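This report refers to the structure that appears directly beneath it.
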Amino acid sequence: QVHLVESGGGLVQAGASLRLSCAASGHTFSDKYMSWFRQAPGKEREFVAGISSSGGNTLYASSVKGRFTISRDNAKNTMYLQMNSLKPEDTAVYYCAVYYRNNVYFSTSYTYWGQGTQVTVSS
């Protein structure tokens, strides 16, 4: 069993920055591909960014390219999402997740999820 806990969300104004953290506990962390997803009110959960086990390869949704940066520190069992130039449309609950199989873009491909952290961006 793996437990994931997100933190770092909050209420900010457009243009501000936030840094989200995902702390993992339980079984192995360093050999897992992991991703950030988000879910806005009335919307489906969508892929935001993913990172390989070593951190050497990253993947971003088009909507956040150039603004968000995903990273991980395996020694600390922690994954991060640096969010800059935040926009109101970034408002959502952000989740971290551990990949299982099939397709990294699909939420159904992940086995472990955190509880989520709320990010609200006002204009």
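For residues that are more than 25 Å from Gly10 (Cα to Cα) and open to solvent by 100 Å² or more (accessible area, probe 1.4 Å), tally how many sit in segment 106-123.
2
Being among the hydrophobic types (A, V, I, L, M, F, W, C) and either more than 12 Å from the chain's Cα centre (by Cα) or within 30 Å of Ser123 (Cβ to Cβ) (or both) is true for just one of Ala23, Ala49. Which residue is that? Before the answer, list the steps.
On the way: Ala23 fails: either more than 12 Å from the chain's Cα centre (by Cα) or within 30 Å of Ser123 (Cβ to Cβ) (or both).
Every option except Ala49 fails the conditions.
Confirm whether Lys65 is modelled with pLDDT under 95, among the charged types (D, E, K, R) and out of contact with any strand residue (DSSP E or B) (no Cβ under 6 Å at 6 or more places or on another chain).
On the way: modelled with pLDDT under 95: no; among the charged types (D, E, K, R): yes; out of contact with any strand residue (DSSP E or B) (no Cβ under 6 Å at 6 or more places or on another chain): yes.
So Lys65 fails the test.
Quick check on my filter: what residues within segment 64-76 are open to solvent by 60 Å² or more (accessible area, probe 1.4 Å) and either at positive phi or not β-branched (Val, Ile, Thr) (or both)?
Going residue by residue through segment 64-76, those that are open to solvent by 60 Å² or more (accessible area, probe 1.4 Å) are 65-66, 69, 75-76.
Residues satisfying the conditions are Lys65, Gly66, Ala75, Lys76.
Picking from Leu59, Leu81, which residue would you name as being open to solvent by less than 20 Å² (accessible area, probe 1.4 Å) and either assigned to a strand (DSSP E or B) or among the polar types (S, T, N, Q) (or both)? Talk me through it step by step, then tell me what you get.
Details: Leu59 fails: open to solvent by less than 20 Å² (accessible area, probe 1.4 Å).
Of the residues listed, the single one that is open to solvent by less than 20 Å² (accessible area, probe 1.4 Å) and either assigned to a strand (DSSP E or B) or among the polar types (S, T, N, Q) (or both) is Leu81.
Can you confirm whether Val93 is assigned to a strand (DSSP E or B), closer than 15 Å to Arg19 by Cα, hydrophobic (A, V, I, L, M, F, W, C) and open to solvent by less than 20 Å² (accessible area, probe 1.4 Å)?
On the way: assigned to a strand (DSSP E or B): yes; closer than 15 Å to Arg19 by Cα: yes; hydrophobic (A, V, I, L, M, F, W, C): yes; open to solvent by less than 20 Å² (accessible area, probe 1.4 Å): no.
Taking the combined requirement at face value, the residue does not satisfy it.
Can you tell me which residue in segment 107-123 is farthest from the chain's Cα centre (by Cα), limited to those that are in a loop (DSSP other than H, G, I, E, B) and under 19 Å from Cys22 (Cβ atoms)? Before you say what the answer is, go through the steps one by one.
Taking segment 107-123 and keeping what is in a loop (DSSP other than H, G, I, E, B), we get 114-116, 123.
Among the residues that remain, those that are also under 19 Å from Cys22 (Cβ atoms) are: 114-116.
Details: Gly114: 10, Gln115: 12, Gly116: 9 Å.
Among residues in segment 107-123 that are in a loop (DSSP other than H, G, I, E, B) and under 19 Å from Cys22 (Cβ atoms), the one farthest from the chain's Cα centre (by Cα) is Gln115.
Name the single residue that is farthest from Gln82 (Cα to Cα) among those in segment 25-45 being in contact (Cβ under 8 Å) with a residue 40 or more places away in the chain, open to solvent by 20 Å² or more (accessible area, probe 1.4 Å) and not in a loop (DSSP other than H, G, I, E, B).
Ser25
Tell me the residue from Val48, Val12 that is at pLDDT 95 or above and either outside any strand (DSSP E or B) or closer than 23 Å to Tyr100 by Cβ (or both), please. Write out each step before concluding.
Working: Val12 fails: either outside any strand (DSSP E or B) or closer than 23 Å to Tyr100 by Cβ (or both).
Exactly one of Val48, Val12 is at pLDDT 95 or above and either outside any strand (DSSP E or B) or closer than 23 Å to Tyr100 by Cβ (or both), namely Val48.
Being more than 19 Å from Ser25 (Cβ to Cβ) and touching a residue at least 40 places away in the same chain (Cβ under 8 Å) is the filter here, so list the residues in segment 95-123 that pass it.
Quick first cut of segment 95-123, residues more than 19 Å from Ser25 (Cβ to Cβ) only: 101-109, 118-123.
Matches in segment 95-123: Val104, Tyr105, Phe106, Ser107, Gln118, Val119, Thr120, Val121, Ser122, Ser123.
The values are calculated or read from the model by the stated rules, or taken from the named source; none is laboratory data. Nothing here was measured: the structure is a model prediction, and the numbers come from that model. Neighbour counts run over all protein chains shown; Cβ positions are idealised from the backbone, glycine included. When the accessible area is computed, the model is the full protein with side chains, heavy atoms only, and any ligands, DNA or RNA have been set aside. Shrake-Rupley method; radii C 1.70, N 1.55, O 1.52, S 1.80 Å.
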